[in-house]
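Structure first, commentary second.
The values are calculated or read from the model by the stated rules, or taken from the named source; none is laboratory data. Source: prediction; values computed, not measured. Using ideal geometry, Cβ is built from the backbone for each residue, glycine included, and neighbour counts are taken over all protein chains shown. The protein model used for the area step is the full one, side chains on, heavy atoms only, and it has no ligands, DNA or RNA in it. Shrake-Rupley method; radii C 1.70, N 1.55, O 1.52, S 1.80 Å.
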Amino acid sequence: MSRTPVLVALLLALVVSACGGDDLGDVGGGDTAPTTALGGGDDADGEGTTGPGFGQVVEGSIDLSGAVDAGYALPSDDFEFIVAGGCQGDQFGVQIQIRQDGQTLLNVGAGAEADLDGGELATLAIDRVRLTQFVQEDGSLRAVEYRGPGTLDITTHEAPNELNERRMGFTLTAPNLEGDDDQLLGFVADILWVMGCP
């Protein structure tokens, strides 16, 4: 049996259970996802100061090249990043959304076999990164999908018991995602996320 359906099922289960982030609701780009932009999180130190809460993005950037040339970065007044996923046994999955004015612009998912418990760092080969871009055309919304292999490099991983103190930094790279129209898309995401696998 191919591992891809198992990894996709795990990724969806992680997203639904929100074991590392927020419930994305309709991951296909509906308007049901909560807003979890940079900052404004829970009281992280119990002394009245606020910071990003568990599941929120501390900082991040996403760059697209090839079929689409675009860049997104936090902090931003225009965009928000929503990240969900996490660890379950020997599986790790992550889902990234970029939203603007309540609309999903980009949705990216990747999963791999990896035991990251205890704050492990790793460089993981991803069999399939799936990216969906939502494009407004003539008053209607069209989804354009790209798929291909990639690499997930986990560069920071701090997993203390206090949820708001956890941090996971990663770079997800997929230089040759193939689109429905056979065009190639390059994708790089650098994310620092309030999440960790204890």
Need one word for segment 133-198: rounded, prolate or oblate. Basis is the Cα gyration tensor (sqrt eigenvalues a ≥ b ≥ c); a/c below 1.5 gives rounded, then a/b vs b/c decides. oblate
Point-to-point label distance, Thr173-Ser76, nm (Cα→Cβ direction, 7 Å offset): 2.2
List the GluC sites (Glu not before Pro) within segment 71-121 that DSSP assigns to loop and that have no more than 16 neighbouring Cβ atoms inside 10 Å. Glu120
Cα point-scatterer Debye curve for segment 47-198, base-10 log of I(q)/I(0) at q = 0.09, 0.15, 0.16 Å⁻¹: -0.29, -0.78, -0.87
Which value, in Å², gives the accessible area per residue of segment 59-198 when a 1.4 Å probe is used on the protein heavy atoms? 44
Where the centroid of each part is defined by its Cα atoms, how far is segment 96-114 from segment 55-76 in Å? 11
Hey, any idea what % of segment 50-157's accessible area is carbon plus sulfur with a 1.4 Å probe? 40
Projected area averaged over all directions for the convex hull of the alpha carbon atoms of segment 81-162, nm², comes out at 6.7
Based on the Cβ-Cβ distance of Ser65 and Glu162, what FRET efficiency does E = 1/(1 + (r/R0)^6) give at R0 = 30 Å, to the nearest 0.05? 0.20
May I ask you to compute the full-extension gain from Leu184 to Ala125, defined as 0.36 nm times their residue separation minus their alpha-carbon distance, rounded to one decimal in nm? 19.3 nm
